[in-house]
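Shown next, in structure tokens, is the structure this report addresses.
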Amino acid sequence: MMKRTVLFLITSALVLLLSCKEKEPGLQYYQTPRTYDIVSVEEPAEDAEVRNVIIMIGDGMGLEQVSCAWVLNHGKLNFDNFPVVGLSRTWCTDALITDSGAGGTAIAAGQKTAYNHVGTAADTTDLYSVLVKARELGKKTGVAVTCHFADATPCDFCCHNEYRYNQENLIADYVDCGVDYLAGGGTDWFTSVRRTDGRNIIEEMASAGYNVALTEEELLVAELPVIGILSPDNLPVAGERGDLFRNMVSRGLDLLSKGDNGFVMMIEGSCIDDWLHGNRIDLAMEELLDFDRTIGDVLEWAAADGHTLVVVTADHATGSLTLQDGNLEEGLIGVHFASEGHNGIAVPFYAFGPGSRAFGGIRENEDFGKLIDSFVK
């Protein structure tokens with residue numbers, strides 16, 4: 001037994017040494033310390049009634065990022081469960097390369113808009129997201145994100161402004177947004193830590209009838225309507241927050257599904273994009289892998305429910321990332337970033353559940369948004 005152990009250790013050391021020698025200069029290499037099994041789910045009947053719609057957005061998540069995550073997890077992702085896959089073009093009305101304001105608004109409201117606009121058209125008139133339509137139909141609505149609430153994507157679904165960095169005004173919009181379940185980060189953005197107008201939006205949310213949760217423990221026992229603001233800025237990075245994001249999503253599903261008329265929920269893996277901007281493949285991939293684990297949870301919930309359409313996409317891709325080296329068996333990737341910004345490459349979208357067959361093909365991001373809207377009845 002001892003001889004076998006020694007031989008294994010010597011062989012492993014030689015493999016590692018050879019792999020190190022073969023690494024290409026100029027590339028970032030990464031292996032995740034945490035791999036996982038993916039879920040196995042049976043898709044509900046295609047012609048079943050759609051009562052709930054779950055929209056999941058991986059910010060900055062292009063095909064290249066998903067490909068890297070697939071290698072890191074040794075050739076398997078929960079994305080593999082989606083029977084319908086397509087491509088979405090992301091350009092906005094005044095730029096070929098979009099941002100999360102315009103890109104997210106097209107998904108949320110089914111209409112392209114100008115760069116930096118959130119919840120407004122190119123002419124600055126308000127655009128109303130699918131969450132507004134759902135509420136008018138008597139459905140519950142929810143948002144769960146890993147970023148702070150002043151970031152573009154949650155604002156695309158809840159707020160209105162022609163400039164995404166008018167963040168004091170955007171945060172104030174949450175008071176009257178009417179969304180039943182809100183979970184994310186950013187207490188600093190609600191108070192004088194970042195505000196210059198003297199308003200305390202946390203107190204205003206409470207006065208508007210929201211149960212305010214400032215810790216995970218408080219969120220997991222709060223009832224609707226609730227806003228969970230669980231960190232001063234973005235949530236802790238994926239490697240440090242444990243199952244916080246997954247628990248936020250799970251709590252949202254539990255609460256929103258108690259309604260009689262169904263619900264619409266937007267879930268964003270927000271910080272994939274942040275670390276791609278920083279060209280940190282390690283932190284970006286851990287965010288994406290946590291997003292994929294969350295997708296697995298959502299798919300299991302949707303499969304058990306039988307009346308939930310799940311759609312996943314990205315607002316744009318970030319970092320001009322290329323996968324240039326690696327080893328699938330070892331879960332090793334070697335990548336190169338060509339920029340710290342967004343790019344104009346089409347991004348993938350995925351669909352699961354009743355109504356999913358309508359989502360195949362190559363589409364504009366606004367068409368993707370219109371398709372989502374068509375299933376909210």
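The values are calculated or read from the model by the stated rules, or taken from the named source; none is laboratory data. Treat the numbers as computed from the prediction; the structure is a model and nothing was measured. Every residue, glycine among them, receives a Cβ derived from its backbone with ideal geometry; neighbour counts consider all protein chains shown. Each accessible area value is taken on the protein alone, full model and side chains, heavy atoms only, with ligands, DNA and RNA left out. Shrake-Rupley method; radii C 1.70, N 1.55, O 1.52, S 1.80 Å.
Values for this structure:
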read-out	value
Strands (runs of 3 or more DSSP E) fully within the range 269-377 counting 2 or more residues that are of a type in the set (Val, Ile, Thr)	308-313, 332-337
Filter result (among the β-branched types (Val, Ile, Thr), part of a loop (DSSP other than H, G, I, E, B) and open to solvent by less than 10 Å² (accessible area, probe 1.4 Å)) within the range 100-129	113
Selection within the range 201-214 - in a loop (DSSP other than H, G, I, E, B) and open to solvent by 50 Å² or more (accessible area, probe 1.4 Å)	208, 214
Subset of the range 63-78 (residues that are outside any loop (DSSP other than H, G, I, E, B) and either in contact with a Gly (Cβ under 9 Å, 6 or more places away or on another chain) or open to solvent by 10 Å² or more (accessible area, probe 1.4 Å) (or both))	63, 64, 65, 66, 67, 68, 70, 71, 72, 78
Residue list for the range 241-263, filter: among the basic types (Lys, Arg), buried (at least 17 other Cβ atoms within 10 Å of the Cβ) and in contact with a strand residue (DSSP E or B) (Cβ under 9 Å, 6 or more places away or on another chain)	241, 251
Selected residue (criterion: farthest from residue 147 (Cα to Cα)) from residues of the range 216-240 that are surrounded by fewer than 19 Cβ atoms within 10 Å (Cβ to Cβ) and without any contact (Cβ under 8 Å) to a residue 12 or more places away in the chain	221
Members of the range 130-161 that are free of Cβ contacts under 8 Å to residues at least 60 places away in the same chain, within 20 Å of residue 374 (Cβ to Cβ) and either among the small types (Gly, Ala, Ser) or open to solvent by 10 Å² or more (accessible area, probe 1.4 Å) (or both)	132, 135, 136
Residue within the range 342-357 that is within 16 Å of the chain's Cα centre (by Cα), open to solvent by 10 Å² or more (accessible area, probe 1.4 Å) and among the aromatic types (Phe, Trp, Tyr) present	yes
For residue 292: the one exception among (1) under 30 Å from residue 32 (Cβ atoms); (2) without any contact (Cβ under 8 Å) to a residue 60 or more places away in the chain	(2)
Total residues in the range 108-126, condition under 12 Å from residue 369 (Cα atoms), of a type outside the set (S, T, N, Q) and touching a Ser or Thr at 6+ places or on another chain (Cβ under 8 Å)	3
Residue match in the range 251-267 (condition: in a helix (DSSP H, G or I), under 17 Å from the mean Cα position of the chain (by Cα) and within 20 Å of residue 284 (Cα to Cα))	no
Residue ID - farthest from residue 344 (Cα to Cα), chosen from residues in the range 264-320 that are of a type in the set (Gly, Ala, Ser) and in contact with a strand residue (DSSP E or B) (Cβ under 6 Å, 6 or more places away or on another chain)	302
Count of the range 326-338 residues which are surrounded by fewer than 17 Cβ atoms within 10 Å (Cβ to Cβ) and touching a residue at least 40 places away in the same chain (Cβ under 8 Å)	4
Residues within the range 79-97 that are part of a loop (DSSP other than H, G, I, E, B), closer than 19 Å to residue 122 by Cβ and either open to solvent by less than 50 Å² (accessible area, probe 1.4 Å) or at pLDDT below 95 (or both), tallied	1
Checking residue 281 against (1) more than 23 Å from residue 108 (Cβ to Cβ); (2) crowded, with 18+ Cβ neighbours inside 10 Å; (3) hydrophobic (A, V, I, L, M, F, W, C); (4) within 15 Å of the chain's Cα centre (by Cα), the condition it does not meet	(4)
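For every residue, the table says whether it meets (1) under 24 Å from residue 89 (Cβ atoms); (2) at pLDDT below 95; (3) more than 17 Å from the chain's Cα centre (by Cα); (4) open to solvent by 40 Å² or more (accessible area, probe 1.4 Å).
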site	(1), (2), (3), (4)
290	no, no, no, no
294	no, no, no, no
303	no, no, yes, no
314	yes, no, no, no
324	no, no, yes, yes
340	yes, no, yes, yes
